[in-house]
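Participant: Quick one: the structure is below, questions incoming.
A short reminder: the numbers here are calculations on the coordinates, not readings from a lab. Just so it is clear, the structure is predicted and the values come from calculations on it, not from any experiment. We place every Cβ from the backbone using ideal geometry, glycine too, and count neighbours over all the protein chains shown.
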Amino acid sequence: MNKRGHIAGCIVAWAVLSLAASLAFVSRAVHLAEEAFASRANRYAEQVAQRLLINDAVLENYAAFVTLDSEATQSEERTFIRQLLYRHPHIEAMLRLDRVRQGELAAYETGVRLRDDPTFAVRGYDLDHQRYFEPLPEKPDYFPVVLVEPPTASALRLLGVDVSFNSRWRDALLTTVQAGRPAASPPFPLGAQRGPAYLLVRAVTFPREEAVGPSVRARHLVGMLVRADFFGQLLPPLPRGLQVDVRLQAHQSGGDQPVPLLRRGSSQGSLVEELLFPRLEWQRTLGGDAQPVELRFVQQLGWSAIGPSEWAGMTVSAVAAFFLVAYVRRRYRHHQDTLRARENWLTYLAHHDRLTGLPNRNLFYDRLQHAISRLRRSEQRLAVLFLDLDRFKPVNDLYGHAAGDRVLQLLAARLEGAVREADTVARLGGDEFVVLVEDVDHQYEVDQLIARLKGLIEAPYEFDGMAVRIGVSIGLAYYPEDGLLIDELLAAADRSMYGKKQHRPFPDALLASEDEAPEDVDHKTGHDRQ
């Protein structure tokens, strides 16, 4: 794999590790967001349920007051109501209603005028347009508001209003009259910038009326106007992406239909957030049959769900993944370099002599074959020198094989220093060496090289306090004159070497101490020192 491949692989590995760590942190953030979402919804549901129970309890207390203190004056009744309103400011007003038969309406109006309010009249009221309607149409029963507290301008508009005239109140009123239980109306506007409210009404049963049916005994009723904004007051600040809907399943002639009371926030997220993050939903109905309130929480999780700790964790993980990948890559490269070095060393050993470091027979044959193939396409020549050392065996016999090995190492260094870089010096084995001289233009060049090699080889070898001399016989063969094949050239050079060895006299002793080493020979070049 090339360098680009390594870098690309490291980048992919780093990206995968970073992504895996990031997914773990994002999963943790989503889990925490889900827990916070459920906790927020449950807390809000508990608060709303308590407030709805309070509404039922307040209305029941008022009904009990009317029942037990039937002889109480209107002033005492108002004082009692004000105490309730003071403790529960989300209640806009409290009402007392009477059920009046059609034939009793005129006498009822006269009695209230004489007893409480000279201007009292039973009339209809349009909640949407906030205007009165008189006279009322004939019907079996009327349910006028006979008392309202507090006596504010908006509340006093309801005094004398027939609750059954308005369709939003009528269904809740009929439910409580017929079933004898509290009922809530659909929301209606209280006025400009005051938000909606709903009417919670229930019948008042006196002890003497217990034996009759609820529709017969419901001669008196109590009610209260509950502001819908208290649902919003119970809500804490909402995080981004969270939407809260509060709906009232009000009693209506067409059946109980959820009617919106409150909507806060928005669950709209970006396209990327909707693709990557889950959408959470929670829904519950509270309040029983009297005030069936439906709560619905919807949250589209997004980037805001990932907190600073998760971002920090993802950053640290990405940095750690980078260093981990870098460390693994460095170890891998070290391992690869080690394997490559071992392969190179084994290849080197397969083509070089271990003692001298010179090319061995295999590498020499390969280079000679390559040179022959190249020269076949040209008119140049090459020369093969076959070198056989003379009197090398006495060195091993007198000084040991270690000394002989040292002589061979020094000899190899001298030979490599005497030839050109394009030429090859190789050891065939034992004390036999060959030199491949390429691109020979003139024969005298080879003759000069042979003379230089003889001088270098026969110069003393100084080591360990001694000076050792050896000789050499050099055979020569030319390509293509002496052969076209490797074996033919080596055989010709070998014959040439043996011919010279047989006609050359050698002195019996060329081994001397270091003190006897001549001082006029350069051991590296083979030339006399002048």
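Participant: What are the ³J(HN,Hα) values, in whole Hz, obtained from phi via the Karplus relation 6.51 cos²θ - 1.76 cosθ + 1.60 with θ = phi - 60°, for each residue of the stretch 300-305 in sequence order, with x given for Gly and Pro?
Facilitator: So the Karplus estimates, Gly and Pro as x, are 8, 5, x, 4, 5, 6 Hz.
Participant: Can you pull a Stokes-Einstein diffusion coefficient for the stretch 293-380 at 37 °C (0.692 mPa s), Rh from Kirkwood over Cα pairs, as a whole number of µm²/s?
Facilitator: On the way: Rh = 20.0 Å.
Once the numbers are plugged in, D ends up at 164 µm²/s.
Participant: If packing is taken as the mean number of other Cβ atoms within 10 Å per residue, what is the order of 111-124, 462-475, highest first? List each step's numbers first, then the result.
Facilitator: On the way: 111-124: 14.6, 462-475: 18.2.
So the peptides 111-124, 462-475, ranked by packing, come out 462-475, 111-124.
Participant: I'd like the distance between the alpha-carbon centres of the stretch 375-432 and the stretch 104-129, rounded to an integer number of Å.
Facilitator: Computed from Cα coordinates, the inter-centre distance equals 138 Å.
Participant: Continuing with the same structure: Rounded to a whole number of µm²/s, how large is the Stokes-Einstein D of the stretch 42-117 at 25 °C and 0.890 mPa s, given Rh as the Kirkwood radius over C-alpha pairs?
Facilitator: Numbers: Rh = 14.8 Å.
Estimated via Stokes-Einstein, D reaches 166 µm²/s.
Participant: What residues have an amide H closer than 5 Å to that of Glu149, excluding those fewer than 5 places away on the same chain, when H is modeled at 1.01 Å from N in the peptide plane?
Facilitator: Met94
Participant: Can you find, among Trp345, Ala21, Leu358, the residue farthest towards the positive end of the dipole of the chain? Put +1 on the C-beta of Lys and Arg, -1 on that of Asp and Glu.
Facilitator: So the residue furthest toward the plus end is Ala21.
Participant: Quick one: what does P(r) look like for the chain with 10 Å bins over all Cα pairs, in whole %?
Facilitator: Reading upward from the zero bin: 3, 13, 14, 9, 6, 5, 5, 5, 5, 4, 5, 6, 7, 7, 4, 1, 0.
Participant: About the Cα centre of the stretch 352-516, what is the dipole size in debye to 20, counting +1 per Lys and Arg Cβ and -1 per Asp and Glu Cβ, all else neutral?
Facilitator: Working: 20 positive and 29 negative charges, 67 e Å.
The dipole of the stretch 352-516 has a size of about 320 debye.
Participant: If you take the Cα Rg of the stretch 130-175 and divide it by 2.2 N^0.38 Å, with N the number of residues, what do you get? Show your work: numbers first, answer last.
Facilitator: Numbers: Rg = 11.1 Å, N = 46, 2.2 N^0.38 = 9.4 Å.
Cα-based Rg divided by the globular estimate yields 1.18.
Participant: Kindly rank 380-388, 263-271 from highest to lowest mean number of other beta carbons found within 10 Å of each residue.
Facilitator: Working: 380-388: 21.6, 263-271: 14.1.
Highest mean packing first, the order is 380-388, 263-271.
Participant: Please give the net charge around Gln74, taking every other residue with its beta carbon less than 11 angstrom from that of Gln74, where Lys and Arg add +1 and Asp and Glu add -1.
Facilitator: Details: positive: Arg78, Arg96, Arg115; negative: Glu76, Glu77, Asp116, Asp117, Glu149.
Around Gln74, the surrounding residues sum to -2.
Participant: Let me ask something else. Taking the Cα atoms only, what angle lies between the long axis of helix 167-179 and the longest principal axis of the chain, rounded to 10 degrees?
Facilitator: Taking Cα atoms only, the helix is inclined about 80 degrees.
Participant: Can you figure out the FRET efficiency of Gln443 with Ala24, using R₀ = 56 Å and their beta-carbon distance, to the nearest 0.05? Numbers along the way, then the final one.
Facilitator: Working: r = 81 Å, r/R0 = 1.45.
Approximately 0.10, to the nearest 0.05.
Participant: With a point put 7 Å past each Cα toward its Cβ, work out how far Asp487 is from Thr338 in nm, to one decimal.
Facilitator: Calculated label separation equals 4.5 nm.
Participant: Which is farthest toward the positive dipole end of the chain among Phe277, Leu114, Phe65, measuring Cα position about the Cα centre, with Cβ charges +1 (Lys, Arg) and -1 (Asp, Glu)?
Facilitator: Positive-end residue among those listed: Leu114.
Participant: Right, something else. Please give the net charge around Ser270, taking every other residue with its beta carbon less than 14 angstrom from that of Ser270, where Lys and Arg add +1 and Asp and Glu add -1.
Facilitator: Working: positive: Arg240, Arg279; negative: Glu273, Glu274.
Local net charge: 0.
Participant: Here is a follow-up. With unit charges on the beta carbons (Lys and Arg positive, Asp and Glu negative) and the dipole taken about the Cα centre of the chain, which residue among Pro292, Pro308, Gln233 sits farthest to the positive side?
Facilitator: Of the options given, the answer is Pro292.
Participant: With labels modelled as points extended 7 Å from the Cα through the Cβ direction, what inter-label distance (nm, one decimal) is found for Asn2 paired with Phe188?
Facilitator: It is 8.4 nm.
Participant: Å³ per residue of the Cα convex hull, for the stretch 352-516?
Facilitator: Details: hull volume 18.2 nm³, N = 165.
Each residue corresponds to 110 Å³ of Cα convex hull volume.
Participant: Using a 7 Å offset from the Cα along the Cα-to-Cβ direction at both Glu421 and Arg219, what is the distance between the two label points in nm, to one decimal?
Facilitator: Result: 12.9 nm between the two label points.
Participant: Still on this structure, please answer the following. Assuming R0 = 45 Å, what is the FRET efficiency of Arg82 and Ser39, from their Cβ-Cβ distance, to the nearest 0.05? Let's see the in-between values first.
Facilitator: Values: r = 38 Å, r/R0 = 0.83.
Computed FRET efficiency for Arg82 and Ser39: 0.75.
Participant: Placing +1 at every Lys and Arg Cβ and -1 at every Asp and Glu Cβ, with all other atoms neutral, what dipole size does the chain have around its Cα centre, in debye to the nearest 20? Spell out each step's value before the answer.
Facilitator: Details: 62 positive and 69 negative charges, 520 e Å.
Here the chain has a charge dipole of around 2500 debye.
Participant: Then there is this: How tilted is helix 3-68 with respect to the longest principal axis of the chain? Cα atoms for both, answer in degrees (0 to 90, nearest 10).
Facilitator: Roughly 10 degrees between the two axes.
Participant: Using the Cβ atoms and a cut-off under 14 Å, what net charge is assigned to the surroundings of Lys139, where Lys and Arg are +1 and Asp and Glu are -1?
Facilitator: Values: positive: Arg99, Arg101, Arg123, Arg170; negative: Glu104, Glu138, Asp141, Asp162.
Taking every Cβ under 14 Å from that of Lys139, the sum is 0.
Participant: Next question, about the same structure. Does anyone have the angle between helix 105-115 and the longest principal axis of the chain? Alpha-carbon axes, 0 to 90°, nearest 10?
Facilitator: Helix 105-115 and the main axis of the chain meet at about 90 degrees.
Participant: What dipole magnitude, in Debye to the nearest 20, does the stretch 89-233 give about its Cα centre under +1 on Lys/Arg Cβ and -1 on Asp/Glu Cβ? It would help to have the intermediate numbers written out before the result.
Facilitator: Numbers: 18 positive and 17 negative charges, 42 e Å.
Approximately 200 debye in magnitude.
Participant: Using amide H atoms built in the peptide plane, which far-off residues or other-chain residues are under 5 Å from Leu476 H to H?
Facilitator: Those lying under 5 Å, H to H, from Leu476 are Phe386, Ser496, Met497.
Participant: To the nearest 0.05, what FRET efficiency results for His351 and Arg279 with a Förster distance of 60 Å applied to their C-beta separation? Each step should come with its number before you reach the end.
Facilitator: Details: r = 71 Å, r/R0 = 1.18.
Step by step, r from the Cβ atoms, then E = 0.25.
Participant: In what sequence, highest mean first, do 315-324, 182-191, 220-229 appear when ranked by Cβ atoms within 10 angstrom?
Facilitator: On the way: 315-324: 14.4, 182-191: 21.2, 220-229: 23.2.
Packing proxy ranking, top to bottom: 220-229, 182-191, 315-324.
Participant: Could you give each residue of the stretch 478-495 its phi-based ³J(HN,Hα) in whole Hz, using Karplus coefficients 6.51, -1.76, 1.60 with θ = phi - 60°, and x for Gly or Pro?
Facilitator: The phi angles translate into 10, 9, x, 4, 9, x, 9, 10, 4, 4, 5, 5, 5, 5, 5, 5, 5, 5 Hz.
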